[in-house]
């Protein structure tokens with residue numbers, strides 16, 4: 001044993017060379033033999049009839065049984081292998097047998113790989129539809145909570161509408177393209193943000209662009225009083241006239257600073273609809289305050305008025 005160990009130490013170089021040569025020879029012999037294995041490859045639909053598109057996505061992978069020399073099967077691991085389906089005559093949905101398209105399997109020619117069988121899926125249910133592209137409005141989903149004393153006074157989208165392309169039955173029935181939700185709390189300054197847009201049935205529908213910028217306007221929340229707002233009485237029966245006591249009221253409103261600063265008295269109306277709200281025996285009533293968009297009511301003073309009704313004189 002000691003002599004054998006001594007021999008190896010003294011002759012380690014030629015022994016190492018012999019071992020490496022043996023391994024290389026074994027590898028060459030083994031990789032020159034033919035083997036049959038299963039491989040996974042990409043499944044892609046390259047073409048359909050003009051103006052036709054997929055209505056449902058197809059599987060993105062296909063499993064095949066192949067035969068080739070060992071060195072080719074090693075090399076194929078470094079390639080992007082795919083079955084590229086060409087269906088230029090397809091004008092309606094159908095089920096196809098993938099075995100009939102085995103010749104379209106794309107392996108590098110120099111590897112000399114033979115496809116023996118398509119294992120899974122063996123059949124494909126190809127659902128197609130006419131192609132449609134049109135502009136569809138964008139809606140932003142958001143939950144913005146300003147700090148107390150501030151208000152979200154509006155938002156501005158970079159894109160009011162975008163192009164949506166895909167199956168006619170999907171695109172034609174899409175009313176809006178929605179964004180990801182934008183959630184912000186305790187904000188007091190205007191800000192903008194890029195947000196992703198979400199296509200309907202994203203596997204077969206494309207949108208352009210796929211994101212948009214949204215500007216949120218945050219302002220101080222202010223209040224303002226308007227005096228001598230006249231009470232208007234409508235719906236009075238024919239032959240009668242109605243008056244209010246007092247004739248005018250005060251209205252206090254609130255809203256974004258820029259909106260309230262531009263608010264005019266003529267934009268505020270105090271209405272009482274006689275036909276809708278009159279009750280026999282009642283004398284005092286409240287008015288309905290009509291305000292423009294983005295303006296809220298704080299209070300009305302006085303809260304009630306006295307209704308005076310009398311017949312018109314000839």
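The values are calculated or read from the model by the stated rules, or taken from the named source; none is laboratory data. Since the model is a prediction, treat every value here as computed from it, not as a measurement. Every residue, glycine among them, receives a Cβ derived from its backbone with ideal geometry; neighbour counts consider all protein chains shown.
If only residues of the range 93-117 that are out of contact with any strand residue (DSSP E or B) (no Cβ under 7 Å at 6 or more places or on another chain) and outside any helix (DSSP H, G or I) are counted, the one that is surrounded by the fewest Cβ atoms within 10 Å (Cβ to Cβ) is 108.
In this structure, does residue 272 turn out to be surrounded by 15 or more Cβ atoms within 10 Å (Cβ to Cβ) and either closer than 30 Å to residue 310 by Cβ or out of contact with any strand residue (DSSP E or B) (no Cβ under 9 Å at 6 or more places or on another chain) (or both)? Here the answer is yes, as residue 272 does meet what is asked. State whether the residues of the range 208-219 include one that is surrounded by 12 or more Cβ atoms within 10 Å (Cβ to Cβ), modelled with pLDDT of 95 or more, in contact with a helix residue (DSSP H, G or I) (Cβ under 6 Å, 6 or more places away or on another chain) and within 30 Å of residue 303 (Cα to Cα). Yes, that holds for at least one residue. Annotation note: of 165, 153, 179, 133, the sole residue that is in a strand (DSSP E or B), farther than 30 Å from residue 86 by Cβ and touching a helix residue (DSSP H, G or I) at 6+ places or on another chain (Cβ under 8 Å) is 153.
Looking across 223, 241, 203, 219, one residue alone is assigned to a strand (DSSP E or B) and within 30 Å of residue 180 (Cβ to Cβ). It is 219.
Restrict the check to the range 287-295 and report whether at least one residue is in a helix (DSSP H, G or I) and touching a strand residue (DSSP E or B) at 6+ places or on another chain (Cβ under 7 Å). There is no residue in the range 287-295 that is in a helix (DSSP H, G or I) and touching a strand residue (DSSP E or B) at 6+ places or on another chain (Cβ under 7 Å).
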